[in-house]
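Heads up: the structure comes next, in structure tokens.
The values are calculated or read from the model by the stated rules, or taken from the named source; none is laboratory data. In this text the structure is predicted, and so the values were computed from the model without any measurement. Glycine gets a Cβ as well: all are built from the backbone with ideal geometry, and neighbour counts include every protein chain shown.
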Amino acid sequence: MNLTIMRLALQALVGQRRGLVILALPVLLVALAGVLRALTGEPVSANAVVVEVGIALVVPLVALLAANGVLGPEIDDGSVVYLLSTPVSRYAVAASKFVVAAGVAAAAAVTGLMGATLAGGLSGRWVVVSVVVGAGGAVLYTALFSAIAAATRHGMIAGLVYVTVVESLLGRFLGGFRYVSVRAFAERLGEVAADVDLPVADLSTSYAVVASLVLLGVGVGGAGWRLARFQLRGDE
Amino acid sequence: MTDLTLTGVSRWYGNVVAVNDVTMSIRPGVTGLLGPNGAGKSTLIAMMAGFLAPSAGDIRLGEAPVWRNVGAYRDLGLVPEREVSFSYLTGRAFVQASAELHRLADPRAATARALAEVDLVDAADRPISTFSKGMRQRAKLASALVHEPTVLLLDEPFNGVDPRQRMHLMELLTRMGEQGRTVLFSSHILEEVEQIARQIEVVVSGRHAASGDFGAIRRLMTDRPSHYVVRSSDDRGLASMLMGLTGVRSVALGRVGTGEAITVEVTDMGEFTLSLPRLARSAGITVRELAPSDESLESVFTYLVQS
Amino acid sequence: MSAQGSAGVIHDIGYRRYAGERTSRAGITRALLFSGVLAVFGFGRSGKAKVLPFALLGMTLVPAVIQVGIMSIIGLSSDLLNYSAYNAGSSFLVVLFVAAQAPVLFSRDLRSGVISLYLARPLGATAFALTRWASLVLAILAFVLTPLLVLFIGGLAAGASFWEELPRVAVALAGAVLLAMLVATVASLVASWTLRRGLAIAGSIMVLLVGLGVTAGLQEVASTEGATGLAHWAALLSPFVLVDSVQVSLGDATSQFPAPADSAATGLLLLASALALMLLGLALLVRRYRSRGA
């Protein structure tokens, strides 16, 4: 870990427009819960708001923005060379950037889910779900998207295709996709922690835990591997 | 740890060879890496700085390889051509971040010293987005200098910098060379190189074309016999007349490319170029083509010298 | 050497000013329009740039091809062909396409500052911005109309009656045009505001896809709670829901969403409001080009 890299990454994430977009997502979620509650006068449907909008869309999107914000642009325009021409291990650079991205994503996700839970008048168990699935999901998604961003220049699009096509579309019809669905891992962890019934296909808890750990390793390791082999292309 | 040694270095991208079997050694003092645009200068510098793997060959800083060795950056400073995109940082914050990443004992003092060295103290607390091109260049230089590297690599440092700041940068590089550091900078403009570098390395189309003292290379170039191909209405007649010139060493008749032609080896280019048209006119011979046949190095050097 | 007195001279070495015919303003606009449409599909760019638009186009065609295939093999009735619901069904593909390709037209030249060069030409900021928008509209139309045409032509080939299908397909085509214009406005605003490609993609996705989910949810709740007015007007939050609502109320299509407008008057009012919002969006877009290009 390197505090300087972390500070710069944080500045890059929250100091610019990207920060506004990351902030907008949880705000939107809380507003939705608030409006629905005001309309009906009774607690909102946890499944519709917290799960289908919050966990399915807001959590992956904030993680996508955060992961691509700390890695993508700098590698793309080559300015990461200013951080890399120093005797800091490339894996430490990747890990520091990942920690910041995961932290920002988790903070935004938990704020959004918990805000929606409270604004929607849901029970205390959903607060636990918000914290566990919000933080866990955000960290895992960040790991996944960091690995994707390290592998391709189109990390943003590839990540979106994963969320919309693999998780939402294929995951809905083909149960086998639960084994590669970050959402399924996170929801499984949330279920275990909060004793609520999330619409998860059967997935053993140990599988979810192991898969999560593997994903973390692959995400951070992949990003470090990419930086260790970073090549500066001339403009020629 | 002050010598940068390249041994048989090549780099290719698919079928395109960007750098072809380059062997050179960069020693303390200022060295100019000279070559036309697209000659492979940036590729070479990227490889020297450990940001590109050579496809073949070996690059060492002292004894240690530079590729995949982050320890090398303790002794190496790089000023890339790429713009700084941390435009939301102030100049000082940018340089200080570099000082911290080098784990210097007193980053604040090192930053102040580097900023003073490049004469950027007044503007240091403004965001980089408000900097002019020359100021950005100096900020990049300060960040590369902050850990007092023994080897400094600069990719096209004078590009787009106004004349006054260019003078300033040149003085700075000269001073660094005098301090015993190894300074290598690339440029496609001879005049820049001539002013501050005693040692030059010329690269042309990815090949190491010449190296050494600038004046010595220039003398070698002009004294070397050069070859020309002449096509005319009466090759044999013209050849016999050319042989009479003292500046011509040999003349050969034969097939060149698609047709018959004269190949002339010239030692005194001035005499040859003046005499050829005169002789041809007096004998009523029409010269159809006059072309240098070994154009590689000469043409490039002529281009560099004249631009 | 001899002319010592004269300060300097520019020799005529044969450079000539272009004296031929110049394209009219309409010609410039047309060229810009079509180069924009082609750029969205990756023509005139690298091979890699063509992969994504055509991959998405291929994916959006899959259901159409399957439906036509089923029709012709099993011989089901042509009622199976639901033209007007097609693009709401594949909405995430449309959104991905627009979000990913809008930055091609709206981010790069604004971000790099090249835009001021373009705007120094006869066209000007307003016309330039609107032409860019029109390029995006045409590109989206190509994307959403292709599957509809496959359905229509495939249906006819499988024995559907031309005159029975025509009105239904016409409603869907009109809906597609409206959808393309609205989605293009949203995406172009986001892309021209964020400038960075990745950020533009995320922004468009957020507005269009999350907006779609939120709108559907809102309508669901509002209509079960009896707040029909709110349920109808929530359609303005998402182009897909709005187009569906307009198609249902004015074109007698079947709805995919909980609360389509129930009368032609409401439908017309919705349509007018949507168009007004679109004009507002275009005004903002033009303003963005003015301020960046100055």
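At a glance:
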| item | result |
| --- | --- |
| Any hit, segment A:74-97, residues being surrounded by fewer than 24 Cβ atoms within 10 Å (Cβ to Cβ), touching a Phe, Trp or Tyr at 6+ places or on another chain (Cβ under 9 Å) and closer than 26 Å to A:Ala194 by Cβ | no |
| Members of segment A:32-71 found to be over 18 Å from C:Leu212 (Cβ atoms), crowded, with 24+ Cβ neighbours inside 10 Å and within 7 Å of chain C (Cβ to nearest Cβ), listed by number | A:Leu65, A:Asn68 |
| Number of positions in segment C:149-179 that are surrounded by 18 or more Cβ atoms within 10 Å (Cβ to Cβ) and among the β-branched types (Val, Ile, Thr) | 3 |
| Strands (runs of 3 or more DSSP E) contained in segment B:1-106 and holding at least 1 residues within 13 Å of A:Ser85 (Cβ to Cβ), facing chain A (nearest Cβ under 8 Å) and at pLDDT 90 or above | B:76-79 |
| Evaluation of A:Pro73 against (1) under 28 Å from A:Leu169 (Cβ atoms); (2) assigned to a helix (DSSP H, G or I) (one fails), failing number | (1) |
| Selected residue [within 26 Å of C:Leu189 (Cβ to Cβ), surrounded by fewer than 22 Cβ atoms within 10 Å (Cβ to Cβ) and at pLDDT 80 or above] from C:Ala49, C:Ala100 | C:Ala49 |
| Residues that are under 30 Å from the mean Cα position of the chain (by Cα), closer than 9 Å to B:Gly91 by Cα and in a loop (DSSP other than H, G, I, E, B), drawn from segment B:120-144 | B:Leu120, B:Phe131 |
| Per-region count, segment A:159-183, residues crowded, with 21+ Cβ neighbours inside 10 Å, away from chain C (no Cβ under 14 Å) and small (Gly, Ala, Ser) | 1 |
| Filtered residues of segment B:198-209 (kept if farther than 17 Å from B:Ala18 by Cα and under 11 Å from the mean Cα position of the chain (by Cα)) | B:Gln199, B:Ile200 |
| Single residue of segment B:274-292 satisfying the filter (surrounded by fewer than 15 Cβ atoms within 10 Å (Cβ to Cβ) and not in a helix (DSSP H, G or I)) that is modelled with the lowest pLDDT | B:Ala291 |
| Members of segment C:180-220 that are surrounded by 24 or more Cβ atoms within 10 Å (Cβ to Cβ), more than 26 Å from C:Leu282 (Cα to Cα) and at the interface with another protein chain (Cβ under 10 Å from one of its Cβ atoms) | C:Leu218 |
| Residue count, segment A:4-31 (criterion: in contact (Cβ under 8 Å) with a residue 40 or more places away in the chain and either within 14 Å of chain B (Cβ to nearest Cβ) or within 14 Å of A:Phe98 (Cα to Cα) (or both)) | 9 |
| So A:Gly121, is it closer than 30 Å to A:Leu32 by Cβ, away from every other protein chain (no Cβ under 14 Å) and either under 16 Å from the mean Cα position of the chain (by Cα) or not in a helix (DSSP H, G or I) (or both) | no |
| Residue identified as in a loop (DSSP other than H, G, I, E, B) and touching a Gly at 6+ places or on another chain (Cβ under 6 Å) among C:Ala261, C:Ala253 | C:Ala261 |
| Filtered residues of segment A:140-165 (kept if part of a loop (DSSP other than H, G, I, E, B) and in contact (Cβ under 8 Å) with a residue 60 or more places away in the chain) | A:Arg153 |
| Test for B:Ser42: is it of a type in the set (S, T, N, Q) and in contact with a strand residue (DSSP E or B) (Cβ under 6 Å, 6 or more places away or on another chain) | no |
| Selected residue (only one of A:Val80, A:Val58, A:Val51 is out of contact with any strand residue (DSSP E or B) (no Cβ under 7 Å at 6 or more places or on another chain), modelled with pLDDT under 90 and more than 30 Å from B:Leu104 (Cα to Cα)) | A:Val51 |
| Index of the failed condition, A:Met156 passing every other in (1) within 14 Å of chain B (Cβ to nearest Cβ); (2) modelled with pLDDT under 90; (3) within 16 Å of the chain's Cα centre (by Cα) | (1) |
| Qualifying residue in segment C:129-148 (condition: within 19 Å of the chain's Cα centre (by Cα), within 14 Å of chain A (Cβ to nearest Cβ), surrounded by fewer than 18 Cβ atoms within 10 Å (Cβ to Cβ) and not charged (D, E, K, R)) | no |
| Close pairs from segment B:91-120: first without any contact (Cβ under 8 Å) to a residue 60 or more places away in the chain and assigned by TED's automatic domain parsing to the domain that holds B:Arg74, partner surrounded by fewer than 18 Cβ atoms within 10 Å (Cβ to Cβ) and in a loop (DSSP other than H, G, I, E, B), Cβ under 6 Å, at least 6 apart | B:Arg92/B:Asp125; B:Ala110/B:Leu104; B:Leu115/B:Val121 |
| Residue among B:Ala139, B:Ala112 that is within 11 Å of chain A (Cβ to nearest Cβ) and on the phi < 0 side of the Ramachandran plot | B:Ala139 |
| Pair list, Cβ under 8 Å, 6 or more apart: segment B:53-68 residue charged (D, E, K, R), other residue in a loop (DSSP other than H, G, I, E, B) | B:Arg60/B:Val66; B:Arg68/A:Arg229; B:Arg68/B:Gly50; B:Arg68/B:Ala53 |
